[in-house]
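> I have a structure here, written as structure tokens, and I will follow up with some questions on it.
Taken together, the values in this text are just the output of simple stated rules run on the coordinates, not laboratory data. Here the structure is a predicted model, which means the values were calculated and not measured. Cβ placement follows ideal geometry from the backbone for every residue including glycine, while neighbour counts extend to all protein chains displayed.
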């Protein structure tokens, strides 16, 4: 978990830097220069790519943990059913 938290933190720091760079450009006096649009497109694209990759990773991790929790719940309910502690209707509602 420690490595995951560090990676997560680094990704957020990287995105923060990209946002800072974008805002710096937006607040600059470059808006009338020819390179402004190219620079704006480049920085916006970098930020979008970073966020897309970050969200994709988070989505994978969330679905992994949801899957694990569902499997654990499944085995828990089977165990409880074996001991007649859960009415069958509850099992139907959960699964």
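> Distance in nm between label sites at residue 24 and residue 66, each 7 Å beyond Cα in the beta-carbon direction?
3.8 nm
> Further question: May I ask you to compute the full-extension gain from residue 76 to residue 53, defined as 0.36 nm times their residue separation minus their alpha-carbon distance, rounded to one decimal in nm?
In short, 4.8 nm is gained.
> For a label point 7 Å from the Cα of residue 39 along Cα→C-beta, name the residues of the stretch 12-27 whose backbone N is under 12 Å from it.
Flagged as within label range: 21-27.
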